[in-house]
Amino acid sequence: MKKFIVLLLLAALAVLPIFAGGSQSSSGTTGGTAAPAQQAAPASNPYGVKRISAAPITLKIFAPKSTETPPYDQLEHFKKYSEYTNVNVIWEQTTFETQSERFNIILASQDLPDMFWNLNNRQGAMTALRAANAIIPLQKYLTPQSAPNFRKVVTDHPETVKAFMEPDGNVWFLPLFDGLAANDPTIVRGDWLEKLNLPLPVTKDDWLKYWKGVRDNDVNGKGKGSAIPLAATSSTGFQSWVTLFGMIDGFFVDVKDGNKVKYSYIDPRNKDFLAWGNMLWNENILDREFASITSNGFTQKNSQNLIGSYRGKLNGGFNVYMATLPANIPGYKVYGTEPPKADDGTQLHWGTANFVRYDTIGGVVSAKTKYPSECVQYCDWFYNFDAPYGGGFMNIFGLEGVTFNFTADKKDYNYSDYVLKNPNGLSTTSALLRYTNRNQQPGFVPPIGSFKMWNPLTEQAYKRIEPFYKASLAYRCENLPFTDAENKQIRTTMADIQTYVDETVNRFIMGKEPLANFDSFVAKVKSMGIDDVLKIYNSAYAKWNAPRPNF
């Protein structure tokens, strides 16, 4: 019966993407790579790492990777690290096309590697691994002696403990700590602000003044009325502005009402948001196509010098446009703004995520390994972001003199011309992926790794939203510990609710549905089962929010 349950879980997982490669696509060698010849590690080394084992040992790690990344045993810092620690690694690295199939075969056969790295679909993968008794808890191996770098990250970011430790104290996976956890600011055209002689907007009144200025003036040289003051990058993108009314779009924790999990669309404050949105629609401020816009459609409008503000990622809609559009739009410049301020002074940043990546498992240790402590020790180096020889640092910056150089005073460092002005025309990321793996594993990377190769205005944008990170994170209820049955009930109920909500909210904003019908809208959502879903959320949030043992 136990094997039958495991096979059922594997079958369910087979249709889901199991692995992640950060923002990269994944490819590479399939099957095992021969381990290098075993030889004794030197007593000291420039990396400053200790021998993990007195005698050479070999670990097998299943680790998907991006298309451009070389096999890990060809990366210089991986080779040296194995040499210095006495830990040789056989890497099994798959493509996106074959990884789910291979994962399922391994789990069903119980021919387990010592570790799995970079598993996506965190809840599904963890469910399958634990049902198969394929992994072990790790807390007893995360000691100051075995995992000093990991523990330093947690000490510096204590809010992360709840994201990787269960209330009973078990730690089942080694996380990927992603320092760019504050992202997605509201982006505004800086050159248009200057034309209108306006400061960066913060309050509703500030934004309205800017939007009306864009609407009523020829800010783009295409004629008055041609510019779009406010656009969305998806059909639901405008709903992010509900933060102006003290909520986060969708399920959120109301910290001002006993930390109850609520659903923003049926909250009484949502009626005020919808009235405000309808005003923007009637005033020709909101893009007429906000409810049907596609990513390609938005990109086309923005490239045509039409859009005055929108929500966009620092590593996407901000940096990419700053790198490409000024060549065709003279003076083009964008700024990231701090979160819009509500009437009560609250400033919630909608683009806040947990510092622990919730979509991926950095690494898990197999129940079949002979070396559980050594597995943890091997991973610990990748939580060290000290320049130039921390594992996390080398995964992002690569090799001194090749992909980065120190400044003359040795107090700072920058990417080299090989990365920033590649002689073969490679993008910055493509150039780096000849020497790094961009942290597709257990590890730690702060935002600095990205900012060093992005437009300087990107870092300015981050500094405007980062101060609001911790307060905004308290409103989030991501990756709660739902049971399989609860997950099924949520998916089934919310499929119909979300379709109805999205359609009706857009109708309210466009005036096709009178706001007098808001109470009927709420009643309809309740009749579809939202209260049952909220009970599940609140129960799971209480479990998640329970105190953890001292770490």
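So the values come out like this:
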| read-out | value |
| --- | --- |
| Cα shape, region 448-551, gyration tensor, a/c 1.5 rule | oblate |
| Overall form of region 417-489 per C-alpha gyration tensor (a/c, 1.5; a/b vs b/c) | oblate |
| Whole-Hz couplings from phi, Karplus 6.51/-1.76/1.60, listed for region 439-444; x for Gly and Pro | 6, 8, 4, x, x, 9 |
| Length-normalised contact order for the chain - Cα pairs under 8 Å, 6+ apart - percent | 20 |
| Relative contact order, percent, region 343-461 [alpha-carbon distance under 8 Å, six or more residues apart] | 23 |
| Other-chain or far-sequence residues with amide H under 5 Å of LYS341's (modelled H) | THR203, LYS204 |
| Sites matching trypsin sites (Lys or Arg not before Pro) across region 257-334 that sit in DSSP coil, with at most 16 neighbouring C-beta atoms within 10 Å | ARG288 |
| Length added when fully stretched, GLN300-ASN259, from 0.36 nm per residue minus Cα-Cα | 10.6 nm |
| Prolate/oblate/rounded call for the chain, Cα gyration tensor, a/c under 1.5 rounded | oblate |
| Contour minus Cα-Cα distance for GLU194 and SER226 (0.36 nm per residue) | 9.7 nm |
| Virtual spin-label span in nm between ASP205 and GLN460, 7 Å along Cα→Cβ | 2.6 |
| Interchain or long-range residues, amide H under 5 Å from LYS260's placed H | ASP254 |
| Vicinal HN-Hα couplings computed from phi for region 244-257 (Karplus, 6.51 cos²θ - 1.76 cosθ + 1.60; Hz; Gly/Pro x) | 5, 10, x, 9, 10, 3, x, 7, 8, 9, 8, 5, 8, 9 |
| Check: the chain dipole with +1 on Lys, Arg Cβ and -1 on Asp, Glu Cβ, in debye | 360 |
| 5 angstrom amide H check on PHE404, placed H, neighbours 5+ away | LEU399, SER416 |
| Charge dipole (the chain, unit charges on Cβ, about Cα centre) - positive-most of VAL154, ALA134, GLY398 | ALA134 |
| Relative contact order, percent, region 425-540 [alpha-carbon distance under 8 Å, six or more residues apart] | 27 |
| Computed [θ] at 222 nm, deg cm²/dmol, the chain (DSSP H ≥ 4; -39,500 (n - 2.57); rounded to nearest 500) | -11000 deg cm²/dmol |
| Local electrostatic count at ASP178 - Lys and Arg +1, Asp and Glu -1, tallied over other residues with Cβ under 15 Å | -1 |
| Ascending count of other beta-carbon atoms within 10 Å, so fewest first, for TRP211, TRP454 | TRP454, TRP211 |
| Label-point separation in nm, ALA516 to ALA275, each point 7 Å along Cα→Cβ | 1.5 |
| Where labels lie 7 Å past Cα in the beta-carbon direction, separation of TYR469 and ASP218 in nm | 4.5 |
| Dipole of the chain, positive end: most advanced residue of ASN424, GLY124, VAL219 [Cβ charges, Cα centre] | GLY124 |
| Rounded to the nearest 20 debye, dipole of region 41-142 from Cβ charges on Lys, Arg, Asp, Glu | 460 |
| Ratio Rg/Rh, restricted to region 320-437 and using Cα atoms, in which Rh is the Kirkwood radius | 1.09 |
| Within region 207-346: Cβ-based charge dipole about Cα centre, in debye rounded to nearest 20 (Lys, Arg +1; Asp, Glu -1) | 260 |
| Residue list for region 395-412, given a label point 7 angstrom along the Cα-to-Cβ vector of ASP386 and an amide N cut-off under 19 Å | 395-400, 406-407, 410-412 |
| HIS157, HIS77, HIS349 arranged by Cβ crowding within 10 Å, fewest neighbours leading | HIS157, HIS77, HIS349 |
| Kyte-Doolittle mean at least -1.0 and Cα axial length at least 27 Å: DSSP H helices in the chain | 484-509 |
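Coordinate-derived values only; no laboratory data. Just so it is clear, the structure is predicted and the values come from calculations on it, not from any experiment. A quick note on method: Cβ atoms are made from the backbone with ideal geometry, for glycine too, and the neighbour counts reach across all protein chains shown.
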